[in-house]
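The values are calculated or read from the model by the stated rules, or taken from the named source; none is laboratory data. If you're wondering where the values come from, they're calculated on a predicted model, not measured in any experiment. Here Cβ is always computed from backbone atoms with ideal geometry, including for glycine, and neighbour counts include all displayed protein chains.
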Amino acid sequence: MIALGLEGSANKLGVGLILHPPKGGAAHILSNVRHTFVSPPGEGFLPKDTAKHHRLWIIRLVRQAMKEAALRVEDINCICYTKGPGMGAPLQSVAVAARMLGLLWEKKLVGVNHCVGHIEMGREITGAQNPVVLYVSGGNTQVIAYASQRYRIFGEALDIAVGNCLDRFARTLRISNDPAPGYNIEQMAKQGRHLVDLPYAVKGMDCSFSGILASIDILAEKVDANQGGRKDDLTNEVITREDLCFSLQETVYAMLVEITERAMAHVGSSQVLIVGGVGSNERLQEMMGIMARNRRGSVFATDERFCIDNGIMIAHAGLLAYETGSTTAFEDSTCTQRFRTDEVFVKWRE
Amino acid sequence: MEITNVSPLPLPLPPPFTHTHPAPTLITQGAEALLYRTHFLRPAHPCALKHRPAKAYRHPTLDKRLTRHRILSEARTLVKCRREGVSVPGVLALDAEAGWMLMEWVEGRTVKEVVVAAESKGKKGEGEQERNGEGKGEAGEDDGLRVLMGKIGRAVGRMHEVGVVHGDLTTSNMMLVVRPSQQSPPPLRNDGRTDGEGSYVGGGGRLEEVEEEEGEIVLIDFGLAAQSLQDEDKAVDLYVLERAFGSTHPEAEAGFREVLRAYGESYRGAKVVLRRLEDVRLRGRKRSMLG
Ligand SMILES: Nc1ncnc2c1ncn2[C@@H]1O[C@H](COP(=O)(O)OP(=O)(O)O)[C@@H](O)[C@H]1O
Ligand SMILES: [Mg+2]
């Protein structure tokens, strides 16, 4: 069976086509294309502009995906789209595109939970069987494990998401948003050497990032104004912007690894799967690897094609639901900004 | 792509335990620590060694700061709880720089193990359950679980009453003591010790009398604990426990109501905390989740 997947819950618009072989086995990715709305340095992406971007690009991307996959409309079994969570206006523009294609091509629709899309794609690509999942992106920070037909949230960020914290700090420093603010922070962090003291906020399997952001924003102001050149306590060297990027990464990723480890100990699992855009950070992957090794476990991660928002994950998770008989009636094919991971009844797993 | 699958480095014991005879036995790897069973002063006196090895994944400066802080706050909280009559293992010794703490051995199972065992018994012979919260074991097992839930609620209530919030309340961090009579050690002094970091001596008081023969709840793992009398902090503590329950024991989720009921009756001011919990829950559900 073949599904078309449309994703546009944030600033990436993705379209993918996936095939599940009739007798089971690994899924085939027929095409996976994406176009990102990049805002200028110092600015975030606004819902209105992002929605406009998605409307402008969706037809082009669907055409391109169909062409790359060399498929005809008749080959497609269902059209899957992101129902939520995400930003309202961008979600809507993609849901409208999905409805239109559904009517035009006479296909069933499947509304997909974005987070479940990430998890299922990560499992499919890496082969991780029953991992603890760390889902980290611009809008989400969750530690998840599967139990009795649901992906259960063991821990999460209590205020802003880790990706949001990174993105906003990039704006403070006026770092480029191209290709992604987090990526550019990572490059700068490689030049940093001094660790500045930041709040470390972990409560059980939950964590919080807004206090860290507030503290480091203040430090950044001082560095920029070169006010008396704040010095490192040990070496007496001046603290640089690179040091701030380094300190931010070391602190927030340590928190993420810690809450993941706590969930692993609690559920007795030794596998970790990292999904979501922040999951492409190599320092986070490295830290998680060290932690897992000390637990005799292993880390699974995917590259940017799959961990950054994409259409193929929506196609894949949607097709899993479709194969177990779930579809979304036309009149129910809405979208929603809030849609918790544990609301989805996971029929396709044991 | 799988990033690592190298066999783990053996984690060495901290001195002086490298010279303990017989050598400490590794019981389990918790969320942060390695838990060994060893003995204190006399071979006949069992105790638990909690070692927080350096976490190689985090920056050494940050690691030192966190490890030190957590050992000290765990020990302080245990001492305070002990003094106030909350059931916790007494602290025997510690070295915050080296990352270890020695405490009384708790003979029992974690509540998580108890609930999981009860659930799998309850499940036998039942059909598939598609919905949450409707799992019912046989009446007898349900009763046993209910009694247990009540004990949990009262134990957490006692702790909150004395002004301690745990910070990581899960069913892995509470134990059900099977044979409480053999549990309490005689009062101890560690006059022989001279490890400059200062050692704590457990109060040596007996654990409270158990009300049910099935055992008593002992709270453990206070590394993230804090002292607070704020309703908000207590409510968040309960919220953490509620979610840990919901995600770990979906079938026992209904039983959590019994935890809260018992909590509500356990001390003056508990009802206010329960009302605050409703606000905390609402905030949790409203939390925006952008993709
Ligand atoms: N005093 C004790 N006596 C017996 N077993 C214990 C004791 N303390 C902890 N344990 C066991 O070790 C596990 C890990 O200890 P814990 O203090 O929770 O460390 P962590 O912070 O690593 O989770 C517990 O879940 C429990 O099974
Ligand atoms: Mg623990």
query = Is it true that some residue in the range B:95-103 is away from chain A (no Cβ under 14 Å), within 20 Å of B:M159 (Cβ to Cβ), more than 16 Å from ligand 2 (Cβ to nearest atom) and at pLDDT 95 or above?
reply = no
request  = Would you please name the residue that is modelled with the highest pLDDT, looking only at residues in the range B:104-126 that are away from chain A (no Cβ under 14 Å) and away from ligand 1 (no atom under 12 Å from the Cβ)?
outcome  = B:A118
inquiry  = For a quick check of your reading of the model, give me the residue pairs whose first member lies in the range B:158-176 and is more than 20 Å from B:E232 (Cβ to Cβ), whose second is near ligand 2 (Cβ under 10 Å from one of its atoms) and among the polar types (S, T, N, Q), with beta-carbon atoms closer than 8 Å and at least 6 apart or on different chains.
reply    = B:T171/B:T110; B:S172/B:T110; B:N173/B:T110; B:M174/B:T110; B:M175/B:T110; B:L176/B:T110
ask   = What tally of residues in the range B:47-82 results from selecting those that are away from ligand 2 (no atom under 16 Å from the Cβ), away from every other protein chain (no Cβ under 12 Å) and of a type in the set (D, E, K, R)?
value = 4
key: Residues located in the range A:137-157, provided they are within 9 Å of chain B (Cβ to nearest Cβ) and touching a Gly at 6+ places or on another chain (Cβ under 8 Å)   = A:S137, A:G138, A:G139, A:N140, A:Q142, A:R152, A:G155
message = Suppose we keep only residues that are of a type outside the set (S, T, N, Q) and at the interface with another protein chain (Cβ under 7 Å from one of its Cβ atoms) within the range A:268-297. Which one would you say is surrounded by the fewest Cβ atoms within 10 Å (Cβ to Cβ)?
response = A:R296
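Condition check ((1) of a type in the set (D, E); (2) within 14 Å of another protein chain (Cβ to nearest Cβ); (3) out of contact with any His (no Cβ under 7 Å at 6 or more places or on another chain)) across all residues:
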position	(1), (2), (3)
B:S228	no, yes, yes
B:D233	yes, yes, yes
B:H249	no, yes, yes
B:L274	no, no, yes
message = Every residue in the range A:5-25 that is over 15 Å from A:D309 (Cα atoms) and either modelled with pLDDT of 95 or more or among the acidic types (D, E) (or both), please.
response = A:I18, A:L19, A:H20, A:P21
key: Number of the exception - A:A201 against (1) away from chain B (no Cβ under 14 Å); (2) in contact with a Ser or Thr (Cβ under 6 Å, 6 or more places away or on another chain)   = (1)
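From the list B:R243, B:R257, pick out the single residue that is more than 14 Å from chain A (Cβ to nearest Cβ) and among the charged types (D, E, K, R).
Only one candidate passes the filter, namely B:R257.
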task = Can you tell me which residue within the range B:12-27, out of those that are within 14 Å of another protein chain (Cβ to nearest Cβ) and assigned to a strand (DSSP E or B), is farthest from ligand 2 (Cβ to nearest atom)?
result = B:L26
note = A:E323 fails exactly one of (1) of a type in the set (D, E, K, R); (2) assigned by TED's automatic domain parsing to the domain that holds A:V143; (3) out of contact with any strand residue (DSSP E or B) (no Cβ under 8 Å at 6 or more places or on another chain), namely (2)
query = If you take the residues in the range B:28-46 that are assigned to a strand (DSSP E or B) and under 15 Å from B:D221 (Cα atoms), which one is farthest from the other protein chains (Cβ to nearest Cβ)?
reply = B:Y36
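Taking the range A:54-98 on its own, how many of its residues are assigned to a helix (DSSP H, G or I) and touching a Pro at 6+ places or on another chain (Cβ under 8 Å)?
Counting residues in the range A:54-98 that are assigned to a helix (DSSP H, G or I) and touching a Pro at 6+ places or on another chain (Cβ under 8 Å) gives 4.
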query = Going by the conditions given, is B:V79 at pLDDT 95 or above and in a loop (DSSP other than H, G, I, E, B)?
reply = no
query = Inside the range B:219-246, can you point out the residues that are part of a loop (DSSP other than H, G, I, E, B) and either away from ligand 2 (no atom under 16 Å from the Cβ) or within 20 Å of A:Q142 (Cβ to Cβ) (or both)?
reply = B:L224, B:S228, B:L229, B:Q230
remark   = Selection over the range A:209-253 where residues are outside any helix (DSSP H, G or I) and crowded, with 19+ Cβ neighbours inside 10 Å yields a count of 2
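So is A:G111 in contact with a helix residue (DSSP H, G or I) (Cβ under 8 Å, 6 or more places away or on another chain), assigned to a strand (DSSP E or B), buried (at least 23 other Cβ atoms within 10 Å of the Cβ) and of a type in the set (G, A, S) or not? First the steps, then the outcome.
Numbers: in contact with a helix residue (DSSP H, G or I) (Cβ under 8 Å, 6 or more places away or on another chain): yes; assigned to a strand (DSSP E or B): yes; buried (at least 23 other Cβ atoms within 10 Å of the Cβ): yes; of a type in the set (G, A, S): yes.
Yes: the conditions hold for A:G111.
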ask   = In the range B:36-48, which residue that is buried (at least 18 other Cβ atoms within 10 Å of the Cβ) and within 9 Å of ligand 1 (Cβ to nearest atom) is nearest to the chain's Cα centre (by Cα)?
value = B:A48
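Checking the conditions here, which among A:D206, A:D159 is out of contact with any Pro (no Cβ under 6 Å at 6 or more places or on another chain), within 18 Å of A:S137 (Cβ to Cβ), within 16 Å of ligand 1 (Cβ to nearest atom) and not small (G, A, S)? Outline the logic, then answer.
Details: A:D159 fails: within 16 Å of ligand 1 (Cβ to nearest atom).
A:D206 is the lone residue from the list that is out of contact with any Pro (no Cβ under 6 Å at 6 or more places or on another chain), within 18 Å of A:S137 (Cβ to Cβ), within 16 Å of ligand 1 (Cβ to nearest atom) and not small (G, A, S).
Could you tell me whether A:R193 is assigned to a strand (DSSP E or B) and surrounded by fewer than 24 Cβ atoms within 10 Å (Cβ to Cβ)?
Here the answer is no, as A:R193 does not meet what is asked.
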